[in-house]
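**Q** Before I ask anything, here is the structure I am working with.
The values are calculated or read from the model by the stated rules, or taken from the named source; none is laboratory data. All values reported here derive from a predicted model rather than from experimental measurement. For neighbour counting, all protein chains shown are included, and Cβ atoms are generated from backbone atoms with ideal geometry for every residue, glycine included. Heads up: the accessible areas ignore ligands, DNA and RNA and are worked out on the full protein's heavy atoms, side chains in. Shrake-Rupley method; radii C 1.70, N 1.55, O 1.52, S 1.80 Å.
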Amino acid sequence: FGICIDTIGNLYLADAYNNCIRKISTDGEVSTYAGTGTAGYLDGPANEATFNQPINLCFDDDGNMYVSDFLNQRIRKISSDMIVTTIAGTGVAGLHNGPVNEARFNYPRGICLDDTGNIYIGDSWNHRIRKISTDGFVTTWAGGGTTIGVQSVGAFLDGSDTSARFYTPCEVSVDQDNNIFVADAYNHRIRKIDPSRMVTTVAGSGDSGPTAGGFQNGPALEAMFKVPTACHVTTSGVIFVGDGENQRVRKIATDGMVTTFAGSGYAGFEDGPDTLAIFNFPRGCVMDYMMNR
């Protein structure tokens, strides 16, 4: 699912169904970075710790990795000295703010950090973006509503902080100005939360719901996506989108135009030039560090 790159170009993958984090080094060697491969919950040395469908990950500036541990309902940390700890969540699905050891998540997916070390979570089935502050408290950063839980129905509404509405927000990505971009999967849109917590739509249009969505390039607010679960904003402000059910990687340029970056729209596997290549529900996406400086 989620992927990220460190400052020297090694690629890391949340290998969800293998219940571990994998590493592809710059010289092309694949290794297990953390986890045993067996589903479970155990903190400790990275080669002994267990995860249960880790689904997204990111690094801080000190080389610590943070992981959304999807089925464990927790946020985990892999320190630079390779020790896994739990930083938030009780292991019970739900919606509860407060101290990190009491807070509850509902299948956390996206994860990113701002420039002061606060962590933001795409809390998918709570239809909210949650914040883990550096002083150890979990709050709701954006999104609200009364319906929560797996297969619950979210909503679409731009607005300030908890007055906004999401529908299964997935991956999150932060830019240099601490704007957070959200792949709002069942609203079929890319949303933006600015530092004042105002939520706006960056790109996407049409109805909400699992069976809605479509495919259309063009101006951002006329373009259509279908279950986008991944987004990544580059240092230049370009956004790349894993447009899942459209089987494509899309690009939102700084001038507000949406185009197809790669993928034919057919599900399958084939390498080749850009829109002749074939994907099968592309999810995580990230810009290579050397291209993203």
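**Q** The conditions are (1) more than 20 Å from ALA164 (Cβ to Cβ); (2) assigned to a loop (DSSP other than H, G, I, E, B); (3) of a type outside the set (A, V, I, L, M), and HIS232 fails exactly one of them. Which is it?
**A** (2)
**Q** Looking only at the range 212-225, which residues are surrounded by fewer than 20 Cβ atoms within 10 Å (Cβ to Cβ) and closer than 17 Å to GLY265 by Cβ? Talk me through it step by step, then tell me what you get.
**A** If we filter the range 212-225 for residues that are surrounded by fewer than 20 Cβ atoms within 10 Å (Cβ to Cβ), which is where we start, we get 212, 214-222.
If the condition is that a residue be surrounded by fewer than 20 Cβ atoms within 10 Å (Cβ to Cβ) and closer than 17 Å to GLY265 by Cβ, then GLY214, PHE215, GLN216, ASN217, GLY218 are the ones that fit.
**Q** What's the number of the condition PHE137 fails, among (1) surrounded by 18 or more Cβ atoms within 10 Å (Cβ to Cβ); (2) closer than 27 Å to THR86 by Cα; (3) of a type outside the set (Gly, Ala, Ser)?
**A** Every listed condition holds for PHE137 apart from (1).
**Q** Related question: Let me spell it out: the conditions are (1) under 24 Å from GLY256 (Cβ atoms); (2) more than 19 Å from the chain's Cα centre (by Cα); (3) open to solvent by 40 Å² or more (accessible area, probe 1.4 Å); (4) among the hydroxyl-bearing types (Ser, Thr, Tyr), and THR147 meets all of them except one. Which number is the exception?
**A** (1)
**Q** Condition test on SER208, is it assigned to a loop (DSSP other than H, G, I, E, B) and loosely packed, with under 14 Cβ neighbours inside 10 Å?
**A** On the way: assigned to a loop (DSSP other than H, G, I, E, B): yes; loosely packed, with under 14 Cβ neighbours inside 10 Å: no.
So SER208 fails the test.
**Q** Separate question: Say we look at the range 121-134 and pick out the residues that are open to solvent by 10 Å² or more (accessible area, probe 1.4 Å) and under 14 Å from the mean Cα position of the chain (by Cα); which of these is nearest to ALA164 (Cα to Cα)?
**A** Checking each candidate, the answer is ARG128.
**Q** Pairs needed: first member in the range 63-85, open to solvent by 60 Å² or more (accessible area, probe 1.4 Å); second member anywhere, among the polar types (S, T, N, Q); C-beta distance under 7 Å; at least 6 residues apart or different chains.
**A** LEU71/ASN52; LEU71/GLN53; SER80/ASN64
**Q** Filter the range 98-113 for residues that are touching a residue at least 24 places away in the same chain (Cβ under 8 Å) and either assigned to a strand (DSSP E or B) or exposed (fewer than 14 other Cβ atoms within 10 Å of the Cβ) (or both) and give the result.
**A** Hits for the range 98-113 are GLY98, PRO99, ARG104, PRO108, ARG109, GLY110, ILE111, CYS112, LEU113.
**Q** Could I ask something else about it? Examine the range 231-251 for a residue that is at pLDDT 95 or above, touching a Pro at 6+ places or on another chain (Cβ under 7 Å), closer than 20 Å to GLY2 by Cβ and of a type in the set (A, V, I, L, M), and state whether such a residue exists.
**A** Taking every residue of the range 231-251 in turn, at least one turns out to be at pLDDT 95 or above, touching a Pro at 6+ places or on another chain (Cβ under 7 Å), closer than 20 Å to GLY2 by Cβ and of a type in the set (A, V, I, L, M).
**Q** Of the conditions (1) aliphatic (A, V, I, L, M); (2) assigned to a strand (DSSP E or B); (3) surrounded by fewer than 17 Cβ atoms within 10 Å (Cβ to Cβ), VAL153 fails just one. Which one is it?
**A** With (1) aliphatic (A, V, I, L, M); (2) assigned to a strand (DSSP E or B); (3) surrounded by fewer than 17 Cβ atoms within 10 Å (Cβ to Cβ) applied to VAL153, the lone miss is (2).
**Q** Could you list, in sequence order, the residues of the range 252-293 that are assigned to a loop (DSSP other than H, G, I, E, B), among the β-branched types (Val, Ile, Thr) and at pLDDT 95 or above?
**A** If we filter the range 252-293 for residues that are assigned to a loop (DSSP other than H, G, I, E, B), which is where we start, we get 253-256, 263-266, 268-269, 271-273, 277, 280-288, 292-293.
Checking which are among the β-branched types (Val, Ile, Thr) leaves us with 254, 286.
Residue satisfying the conditions is THR254 alone.
**Q** Shifting gears a bit: Of everything in the range 235-291 that's in contact with a strand residue (DSSP E or B) (Cβ under 7 Å, 6 or more places away or on another chain), among the hydrophobic types (A, V, I, L, M, F, W, C) and farther than 26 Å from ILE180 by Cβ, which residue is most open to solvent (accessible area, probe 1.4 Å)?
**A** By that ranking, first place goes to PHE269.
**Q** How many residues, within the range 1-60, are in a loop (DSSP other than H, G, I, E, B), of a type in the set (A, V, I, L, M) and either loosely packed, with under 13 Cβ neighbours inside 10 Å or modelled with pLDDT under 95 (or both)?
**A** Residues of the range 1-60 that are in a loop (DSSP other than H, G, I, E, B), as a first pass: 1-2, 6-10, 19, 25-29, 35-41, 43, 46-49, 51-53, 60.
The next check asks that each one be of a type in the set (A, V, I, L, M); those that pass are 8, 39, 46, 49.
Imposing the further condition that a residue be either loosely packed, with under 13 Cβ neighbours inside 10 Å or modelled with pLDDT under 95 (or both) reduces the set to 8.
Counting residues in the range 1-60 that are in a loop (DSSP other than H, G, I, E, B), of a type in the set (A, V, I, L, M) and either loosely packed, with under 13 Cβ neighbours inside 10 Å or modelled with pLDDT under 95 (or both) gives 1.
**Q** Got a number for residues in the range 12-41 being touching a strand residue (DSSP E or B) at 6+ places or on another chain (Cβ under 7 Å) and free of Cβ contacts under 8 Å to residues at least 24 places away in the same chain?
**A** Residues that pass the stated criteria total 11.
**Q** Hey, another quick one. Quick check: anything in the range 181-200 assigned to a strand (DSSP E or B), crowded, with 24+ Cβ neighbours inside 10 Å and among the small types (Gly, Ala, Ser)?
**A** Our first condition is that a residue be assigned to a strand (DSSP E or B); within the range 181-200, this holds for 181-184, 189-193, 198-200.
Now narrow it down to the ones that are crowded, with 24+ Cβ neighbours inside 10 Å: 181-184, 189-191, 193, 199.
The next check asks that each one be among the small types (Gly, Ala, Ser); those that pass are 183.
Yes, that holds for at least one residue.
**Q** To continue, here is another question. Within the range 156-180, restricting attention to residues that are open to solvent by 20 Å² or more (accessible area, probe 1.4 Å) and acidic (Asp, Glu), which residue is farthest from ASP114 (Cα to Cα)?
**A** ASP158
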